[in-house]
Amino acid sequence: MKALIVIIVLLILTGALLFLQSGGRLVVNYPEKSDAIVTLGGGQVDTRYWRGLELLRAGYGQHLVVDVLAGGAYGRRYADLASDFVARTAGENVSQISICVIDGDSTKDEAPQVGACLQRLQPAPRSVILVTDDYHTRRALSIFRNREPQYHWTPAAAGNQFFGQPWWKNREWAKTYLTEMQKFVWWEVWDRWR
């Protein structure tokens, strides 16, 4: 009977520890020098762009691909807005940056479209840094490695106001954590295999 109580207590403590530390499991951040850098569309695109530009300027890649959603606002296409922004902010690196227009509302749909943009680069890259919001890095990395396995992918996290640690101490962070964890589990259990 004592052994059963000890096992139950250990399981509860292990579960509590995993729950409290689980937000950090969403974040992976170990960019390696690569041929190219991709900043994903959606989320905090400005933060992602600045992180990608920082990596480009630090010599982590030769080319930066800025992923931009199709569509537009206020009479302008998002791709045009992004091109203007890059022209104003990239300085001497402007020739190393290209815009990749994607049409899709999920990372799973985005991956092959980003792959098509990477194929247009000369020379064709073999290794790519994937820049996205910190909480989105683990799922995005898993999706891109699964959908575009011809590239060696490494993640770079771009911090933002929607997620932090410990995640349960802030309402927005908790919502972000729960939503992203749901998407990650859905990807691992279902979408990965379809």
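The values are calculated or read from the model by the stated rules, or taken from the named source; none is laboratory data. Remember, predicted model here, so these are calculated numbers, not experimental data. Don't worry about glycine lacking a Cβ; one is built from the backbone with ideal geometry, like all the others, and counts go over all protein chains shown.
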Notebook entry, point to check: Of the residues that sit in the stretch 63-96 and are touching a residue at least 40 places away in the same chain (Cβ under 8 Å) and within 21 Å of the chain's Cα centre (by Cα), which one is surrounded by the fewest Cβ atoms within 10 Å (Cβ to Cβ)?
Noted result: Gln96
Notebook entry, point to check: If you scan the stretch 97-135, which residues turn out to be over 20 Å from the mean Cα position of the chain (by Cα) and basic (Lys, Arg)?
Noted result: Arg120
Margin query: Kindly evaluate Trp153 against the criterion of being modelled with pLDDT of 85 or more and either surrounded by fewer than 17 Cβ atoms within 10 Å (Cβ to Cβ) or not acidic (Asp, Glu) (or both).
Written below: yes
Item checked: In the stretch 89-138, the residues that are closer than 19 Å to Pro155 by Cβ and of a type in the set (A, V, I, L, M, F, W, C) -> Cys100, Ile102, Ala111, Val114, Cys117, Leu118, Val128, Ile129, Leu130, Val131
Check: Mind checking whether some residue in the stretch 140-148 is closer than 17 Å to Arg51 by Cβ, crowded, with 18+ Cβ neighbours inside 10 Å and either of a type in the set (Phe, Trp, Tyr) or at pLDDT 95 or above (or both)?
Finding: yes
Notebook entry, point to check: Here are Asp84, Asp105: which of them is modelled with pLDDT under 95 and assigned to a helix (DSSP H, G or I)?
Noted result: Asp84
